[in-house]
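Colleague: Here you go, one structure.
The values are calculated or read from the model by the stated rules, or taken from the named source; none is laboratory data. Computed from a prediction, not measured in an experiment: that's the story for all the values here. Neighbour counts run over all protein chains shown; Cβ positions are idealised from the backbone, glycine included. Accessible surface is based on the protein model in full, side chains and every heavy atom, while ligands, DNA and RNA are left aside. Shrake-Rupley method; radii C 1.70, N 1.55, O 1.52, S 1.80 Å.
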Amino acid sequence: MWVPLEPARAHLVISKSRFIASLYLVHSESEVRTVLAKIRTELPGASHHPYAYVLGGAIHQEHSSDDGEPGGTAGRPILQALKSREVEDAVLIVTRYFGGIKLGTAGLARAYREAALQVLEIASLGQKVRVTILSLGIPYSWYEYVEKQLPHFNAHLLTREFTTEVHLTLAIPHDTITSFLTFIETSTRGQAQATVLEENVERIVPVQK
């Protein structure tokens, strides 16, 4: 599953109506309400603020609202967009400023879905994965080579410290930790020291598009 790393916003104009899609990271219904209040304040005078959210974790929750639009034409298409992109812990609001031309129910549904997909396309997303947190001490002679290889193991650099050697803290997906440790041992000829700090930790790892 994917989660937003930061807020994102996209703008779309269809038949003179403006659609402004806003995506936020949330972890509870209380945070959803806070974001909705924020959007209503930032974008006053709008015709409607339909939205949908998906909360992950042990208790999965999802909900959508048409906010006064004809039933099923706004909230549901927004929710479908979130689910089709497998995004959770997120609320997506599509604010509409009516432009004077009616779109019809089918047109409205397409417009809201398109706006939702547009903001999801440009958003910075991270992936929820189970990782091992690893401390790695590397001689300076091997540092640049090792760091360049990190993407091959989907390893995410958390911290970097330069002392008598380079100390890296890494988050490494569970399915690549064994091959990564083998790589470190063989490529540095045993000169790098790896220490496992935590295992089986859920973490959001940024993913390059």
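Colleague: Check 188, 169, 178 and return the single one that is touching an Asp or Glu at 6+ places or on another chain (Cβ under 9 Å), over 30 Å from residue 91 (Cα atoms) and either without any contact (Cβ under 8 Å) to a residue 24 or more places away in the chain or not basic (Lys, Arg) (or both). Walk me through how you get there before you give the answer.
Modeller: On the way: 188 fails: touching an Asp or Glu at 6+ places or on another chain (Cβ under 9 Å); 178 fails: touching an Asp or Glu at 6+ places or on another chain (Cβ under 9 Å).
The conditions single out 169.
Colleague: Please enumerate the residues belonging to the stretch 78-95 that are open to solvent by less than 10 Å² (accessible area, probe 1.4 Å) and under 10 Å from the mean Cα position of the chain (by Cα).
Modeller: The first filter runs over the stretch 78-95 and keeps only residues open to solvent by less than 10 Å² (accessible area, probe 1.4 Å), leaving 78, 81-82, 87, 90-95.
Of everything in the stretch 78-95, those that are open to solvent by less than 10 Å² (accessible area, probe 1.4 Å) and under 10 Å from the mean Cα position of the chain (by Cα) turn out to be 87, 90.
Colleague: Got at least one residue in the stretch 9-21 being open to solvent by 20 Å² or more (accessible area, probe 1.4 Å), farther than 22 Å from residue 113 by Cβ and in a loop (DSSP other than H, G, I, E, B)?
Modeller: Kept after step one, since they are open to solvent by 20 Å² or more (accessible area, probe 1.4 Å), are these residues of the stretch 9-21: 9, 11-16, 18.
Imposing the further condition that a residue be farther than 22 Å from residue 113 by Cβ reduces the set to none.
No, because not a single residue in the stretch 9-21 is open to solvent by 20 Å² or more (accessible area, probe 1.4 Å), farther than 22 Å from residue 113 by Cβ and in a loop (DSSP other than H, G, I, E, B).
Colleague: Considering only the stretch 55-76, state which residues are more than 18 Å from residue 3 (Cβ to Cβ) and either in a strand (DSSP E or B) or open to solvent by less than 10 Å² (accessible area, probe 1.4 Å) (or both). Even if it seems obvious, please write down each step before you answer.
Modeller: The initial filter retains those residues of the stretch 55-76 that are more than 18 Å from residue 3 (Cβ to Cβ), namely 64-76.
Residues satisfying the conditions are 64, 65, 73, 74, 75.
Colleague: Then there is this: When you look at residue 202, is it assigned to a strand (DSSP E or B) and closer than 30 Å to residue 10 by Cα, yes or no?
Modeller: For residue 202, the condition - assigned to a strand (DSSP E or B) and closer than 30 Å to residue 10 by Cα - is met.
Colleague: Answer with yes or no whether residue 161 is part of a strand (DSSP E or B) and charged (D, E, K, R). Spell out the reasoning first.
Modeller: Numbers: part of a strand (DSSP E or B): yes; charged (D, E, K, R): yes.
Yes, satisfied.
Colleague: For the stretch 166-180: of the residues being outside any strand (DSSP E or B) and of a type in the set (S, T, N, Q), which is most open to solvent (accessible area, probe 1.4 Å)? Outline the logic, then answer.
Modeller: Going residue by residue through the stretch 166-180, those that are outside any strand (DSSP E or B) are 174-180.
Pick out the ones that are also of a type in the set (S, T, N, Q) and you get 176, 178-179.
Numbers: 176: 21, 178: 103, 179: 58 Å².
Checked the stretch 166-180; the qualifying residue most open to solvent (accessible area, probe 1.4 Å) is 178.
Colleague: Does residue 137 count as in contact (Cβ under 8 Å) with a residue 12 or more places away in the chain, surrounded by 13 or more Cβ atoms within 10 Å (Cβ to Cβ) and more than 29 Å from the chain's Cα centre (by Cα)? Spell out the reasoning first.
Modeller: Details: in contact (Cβ under 8 Å) with a residue 12 or more places away in the chain: yes; surrounded by 13 or more Cβ atoms within 10 Å (Cβ to Cβ): yes; more than 29 Å from the chain's Cα centre (by Cα): yes.
Answer is yes for this residue.
Colleague: Among the candidates 131, 119, single out the residue that is closer than 22 Å to residue 36 by Cα and touching a residue at least 40 places away in the same chain (Cβ under 8 Å). Break it down into steps so the answer makes sense when it comes.
Modeller: Details: 131 fails: closer than 22 Å to residue 36 by Cα.
Checking each option against the conditions leaves just 119.
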